[in-house]
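What follows is a short report on a single structure.
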Amino acid sequence: MTTSRIAIIGGGPGGLMLAQLLERGGMRPIVFERDTHEDERPQGGSLDLHADTGQHAIRRAGLEAEFLAEARPEDQGDRLYQPDGTLLFDRDGAGDDRPEIDRSALRRILLAALAPGTVRWASAVAAIVPSDSGFDVLTAAGSDRFDIVVGADGAWSRVRPLLSDAQPVYEGVTMVELGFDTARHPEIDALVGSGKMFAVGDNRTLVAQRNGLGHIRGYAGLRVPEADSQRLMAMPLEAVRAELRTAFADWAPPLRALVERGDMLAVRPLHALPIGHRWTSRPGLTLLGDAAHLMSPFAGEGVNLALADAVDLADALLTGERWPAVERAEAAIAERAEPAAKGSAEGLATAISSHGVEHVLAHYRARVG
Ligand SMILES: Cc1cc2nc3c(=O)[nH]c(=O)nc-3n(C[C@H](O)[C@H](O)[C@H](O)COP(=O)(O)OP(=O)(O)OC[C@H]3O[C@@H](n4cnc5c(N)ncnc54)[C@H](O)[C@@H]3O)c2cc1C
């Protein structure tokens, strides 16, 4: 057993998975999380875990039974509509191996497996300061010194600037997040089918995805310049709905119902780090997940990569060899993320474009062979 003091900044899926794997290996990491408690904010929509990455990490963490109890293999279907409401593609996804799980359920499972006190809630990290004997992690409560700091703090990581000059760049598309209960909105329930629906028009998209507990998460996506995106972010959410009504005014009423009736949850501009982002390894500091390779959700890989990164880093940190092993893990993390980042950028550029619907239809048809 090693006695290194390890700080993980960020209690998202990647950070919590790393903490769990390190604890299984006999270490006692500390997770700094800015949320004040587990349920402080809605965790976002449903995530599908892939066999070789997300599901593999769950198995390595010994959490397969807990995952299977919460996973929804029945929700893997896809539907594609065009703006006049014509259904172009409809597949129930039965037999696929990408079971869905709500993000909040995944977080709950990971948290429940950790030793008491591992996560320090309400601990927004303001800075990491290198010192002679490690790194000082600064929060409002004071400063703590660690030998190793892992940045698992997502898109706007406080750790990444110590390793890389790269900054996330706006990808030209802003998503407005919407929420529905199926009991109150049977028409949306019927529209979505057995998993996820996409409706794709000229530089616009509507997405709705089945979540657990009778909930559906929707997104209205618009290709807009960054200044317009910032204007949307600054508006009251009901004023954003008025903009969406205008943007989707010529779409079929059953599709328009998504922007008319959804609970308005958030405006999310999509950002990405440069494809193939890498950094020069620096003993004591490393990154995983979105902090290392933020990409748009259009490849559906983000959480899977974050979980797989956690496995690689845990294996490296648990070897006696330590930093050379971490450096090799960082190379593996970057190599795995690069094609996903490329696919995600291409997916976004083509799906939300002037002929997006043809691209999305071709993509769905290719997937079913
Ligand atoms: C709209 C949308 C839809 C998505 N859909 C999918 C999908 O279907 N499939 C998929 O695989 N991926 C999807 N993603 C991407 C996925 O959410 C991310 O890739 C994944 O959550 C990354 O996990 P992470 O642990 O690296 O970071 P995060 O989930 O971002 O977690 C970072 C954590 O760090 C905390 N934190 C941040 N800064 C600090 C600080 N200074 N101090 C302390 N704590 C801090 C945050 O509160 C958070 O808990 C989607 C993303 C978006 C925006």
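What follows is calculated from the coordinates using simple rules that are stated; it is not laboratory data. Computed from a prediction, not measured in an experiment: that's the story for all the values here. In this analysis, Cβ positions are derived from the backbone assuming ideal geometry, glycine residues included, and neighbour counts consider all displayed protein chains.
Some points to look at:
- For the stretch 47-94, fraction of C-alpha pairs farther apart than 14 Å, in %: 62 percent
- Working note: Cα gyration tensor of the stretch 299-352, eigenvalues times five, square-rooted, sorted largest first, giving semi-axes of 29, 10, 4 Å.
- Where Rh is the Kirkwood radius over Cα pairs, Rg/Rh for the stretch 330-369: 1.13
- Residues LEU348, LEU318, sorted so that the one with the fewest Cβ neighbours within 10 Å comes first: LEU318, LEU348
- 0 to 90° range, to nearest 10: angle between helix 237-247 axis and the chain longest Cα axis: 50 degrees
- Alpha carbon convex hull of the stretch 256-369, projected area averaged over orientations, nm²: 9.9 nm²
- Residues ASP290, ASP48, ASP228, ranked from the fewest to the most other C-beta atoms within 10 Å, line up as ASP228, ASP48, ASP290.
- The charge dipole of the chain, taken about its Cα centre with unit charges on the Cβ atoms of Lys, Arg (+1), Asp and Glu (-1) only, comes to about 320 debye.
- With the cut-off at under 11 Å, measuring from each backbone N in the stretch 343-360 to a point 7 Å along the Cα-to-Cβ line of ASP250 picks out no residue.
- Extension gain, ALA166-LEU68: 0.36 nm per intervening residue step, less the Cα-Cα distance, totals 31.5 nm.
- DSSP bridge pairs, the chain: antiparallel proportion in percent, nearest 5: 75 percent
- Cα centroid separation, the stretch 74-139 to the stretch 224-264 (Å): 25 Å
- Separation between Cα centres of the stretch 277-311 and the stretch 152-204, rounded to whole Å: 18 Å
- Relative contact order for the stretch 119-237, counting Cα pairs under 8 Å that sit 6 or more residues apart, in percent: 18 percent
- Fewest-first ordering of TYR219, TYR170 by other beta carbons within 10 Å of each residue's beta carbon gives TYR170, TYR219.
- The angle separating the long axis of helix 103-112 from the principal Cα axis of greatest extent in the chain is about 20 degrees.
- Net charge over other residues, Cβ less than 13 angstrom from the Cβ of PRO283 (K, R count +1; D, E count -1): -2
- Note on ALA126 and ASP84: the extension gain reaches 10.2 nm, defined as 0.36 nm multiplied by sequence separation minus the Cα-Cα distance.
- Per residue, the convex hull around the alpha carbon atoms of the chain comes to 135 Å³.
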